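The values are calculated or read from the model by the stated rules, or taken from the named source; none is laboratory data. Note that the structure is predicted; figures quoted are calculated from it, not measured. Cβ coordinates were reconstructed from backbone atoms using ideal geometry, including for glycine residues, and neighbour counts include every protein chain displayed.
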């Protein structure tokens, strides 16, 4: 039995056949209403009688209206008045051959006579509590409409989907807000000149060429070191290493290295590259420090890309007598190169954005570099200190007086723009390579 | 005459679990050995010992000797040469992510065959032997992974034949192939028997009956019985074998 909360189908469906039960009426079929009965029993009896008549005429049990309504009222005059929601809803389903049911939507009665019998039994045992104004609704269950259980599940599904969608949309909001605010503040200085001119007048005018090219070289040199080492280490760990204590120690080291804060990397860089390796504070020392910082992530992303190539490909090659290296070169690497490249490119933006690791290892507040000619493209030697965008931004913010706001915001826009551009390139590359995926 | 393949009391363990228990059998040259047995009875492990791909399973430990032409495979220096002498087909089809042509050319290229005409002829021969040539001859350069499952399995067979092995191991090759193609490939196997020794692991008992010269019945990691196919199917010594081949096992 279902105590229903649903919308009253009588409002929307004019095909409901109504039986009115009015104790004050004396007989049956009285008055203005065609089907008016003195008691529920007589109404139920009339239902099965009409059903038999319909069957005799039609010889098919599926004919007739889908829904019957039994309305209990006090006075005949109220027959057309507003109704409460039906107190009980029962179902029958003629597609269920002969199985018993209890009239609920999940387990309906198999046909109309057994529905009448079921309702009679419920009524006689006193389990139908009906007050005037209440009604019972008996519907033929539709095969291709959802049950109430399925409807509830569908609602939950929709709610979950919208919650998750709202969460992911809320990620976009800060990005757009930051970009819009920065661009708005930096608008007056944003021009080609801002990129290509060196800082002038104690950094209160001019552009950002010197730090821009410095960042470029820092990223380039650090990745030239980190990418080969990281990729080869990833290949070893995924393709060759057995699961033993040695491999586990390496894995542990990689994970821990990835978790080291960048300022600690900076101190390590000072000790290892600036002092021990006698690089001094230089482009080389700063690049090495950035390389150490990006290495574990490159290793991890390489391993993941390699692990995505199905094992069965390797086994097929081994079975044909290919060595591990032949298999890696001909099958594994060509099919994982997209993932490996994406991992490396994402490290570009990380290396470009970090300030702490280069703070003590090679970044300079201000350097005078060539304004024109080929020298302006190679302003720093490996053993020179460099300017970098992230460091430049920090300097402008905290160390220099009377810097116009636009220049600070402009520097930030260029930095964030670079990062976004590199990330977008990684995404485009991945989409392109994935579209060529061969299995 | 030395048997082509010989198992001398081979025991294989995966960690503590025994996968093959003291197996001794021998396969004469240019014959078909059918291996039948329920799941998890060690059939695939047995095949992996022949071309030593069992090496790739870190936990596996092998005792005893597998001899190919009298030479212990576990003592061989050049395991790649051994694997090129053994063709292997596993139950699930694997199309390598390259063209159909390159799939079959993979092993010959690795072995140093770069001659264009030699490759073309070899590839046509292998694809014909695998009953795939007629279906793919017009699209040899489309992706092997885009073929249907049954076609990919025949491609796998063609690849196994591409390095011209002297032993062919088939592990339930017909699981993804329709019955008509299966029958065609069975005819091919009988043809191939003139050139090579075939070890056929199968769940279709009747397939072993049709093809095998010798049949071995494995159960629970042990070799229950090996003998002429006729003997195994008509009057096996072991009651379990009789029940398995007649379908009353378990």
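Here is a yes/no grid of residues against (1) within 14 Å of chain B (Cβ to nearest Cβ); (2) surrounded by 19 or more Cβ atoms within 10 Å (Cβ to Cβ); (3) farther than 15 Å from residue A:209 by Cβ:
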residue: A:357; (1), (2), (3): no, yes, yes
residue: A:361; (1), (2), (3): no, yes, yes
residue: A:365; (1), (2), (3): no, no, yes
residue: A:374; (1), (2), (3): no, no, no
residue: A:391; (1), (2), (3): no, yes, no
residue: A:419; (1), (2), (3): no, no, yes
residue: A:425; (1), (2), (3): no, no, yes
residue: A:432; (1), (2), (3): no, no, yes
Restricting to the range A:299-317, name every residue that is more than 14 Å from chain B (Cβ to nearest Cβ) and either within 29 Å of residue A:264 (Cα to Cα) or not in a helix (DSSP H, G or I) (or both).
A:299, A:300, A:301, A:302, A:303, A:304, A:305
I need the full set of residues from the range B:76-95 which are in contact (Cβ under 8 Å) with a residue 60 or more places away in the chain and either in contact with a strand residue (DSSP E or B) (Cβ under 9 Å, 6 or more places away or on another chain) or in a loop (DSSP other than H, G, I, E, B) (or both), in order please.
B:85, B:86, B:87, B:88, B:89, B:90, B:91, B:92, B:93, B:94, B:95
Across the range B:47-66, the tally of residues that are farther than 21 Å from residue B:163 by Cβ and more than 11 Å from chain A (Cβ to nearest Cβ) stands at 6
Report yes if some residue within the range A:359-374 is out of contact with any helix residue (DSSP H, G or I) (no Cβ under 6 Å at 6 or more places or on another chain), in the same structural domain as residue A:224 (by TED's automatic domain parsing) and in a helix (DSSP H, G or I); otherwise report no.
yes
Taking the residues in the range B:144-177 that are at pLDDT below 90 and at the interface with chain A (Cβ under 10 Å from one of its Cβ atoms) as candidates, determine which candidate is nearest to residue B:48 (Cα to Cα).
B:163
Please pick out the residue among A:120, A:183, A:196 that is surrounded by fewer than 20 Cβ atoms within 10 Å (Cβ to Cβ), within 30 Å of residue A:38 (Cα to Cα) and touching a helix residue (DSSP H, G or I) at 6+ places or on another chain (Cβ under 9 Å).
A:120
Within the range B:53-75, identify whether any single residue is crowded, with 16+ Cβ neighbours inside 10 Å and in a loop (DSSP other than H, G, I, E, B), and answer yes or no.
no
By my count, helices (runs of 4 or more DSSP H) wholly in the range A:185-268 with at least 1 residues that are under 34 Å from the mean Cα position of the chain (by Cα) and at pLDDT 90 or above are A:209-235, A:245-259
Conditions (1) modelled with pLDDT of 90 or more; (2) within 7 Å of chain A (Cβ to nearest Cβ); (3) closer than 25 Å to residue A:436 by Cα: number failed by residue B:94
(1)
Of the numbered conditions (1) more than 9 Å from chain A (Cβ to nearest Cβ); (2) closer than 29 Å to residue B:149 by Cα; (3) at pLDDT below 90, residue B:124 fails exactly one; give the number of that condition.
(3)
Please go through the range A:318-329 and pick out each residue that is buried (at least 20 other Cβ atoms within 10 Å of the Cβ) and at the interface with chain B (Cβ under 7 Å from one of its Cβ atoms).
A:318, A:319, A:320, A:321, A:322
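Based on what the data block shows, is residue A:296 surrounded by fewer than 15 Cβ atoms within 10 Å (Cβ to Cβ), more than 14 Å from every other protein chain (Cβ to nearest Cβ) and assigned to a helix (DSSP H, G or I)?
no
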Of the residues that make up the range B:126-134, is at least one out of contact with any helix residue (DSSP H, G or I) (no Cβ under 6 Å at 6 or more places or on another chain) and surrounded by fewer than 21 Cβ atoms within 10 Å (Cβ to Cβ)?
yes
If you go through B:189, B:157, the only one that is under 20 Å from the mean Cα position of the chain (by Cα) and surrounded by fewer than 23 Cβ atoms within 10 Å (Cβ to Cβ) is B:189
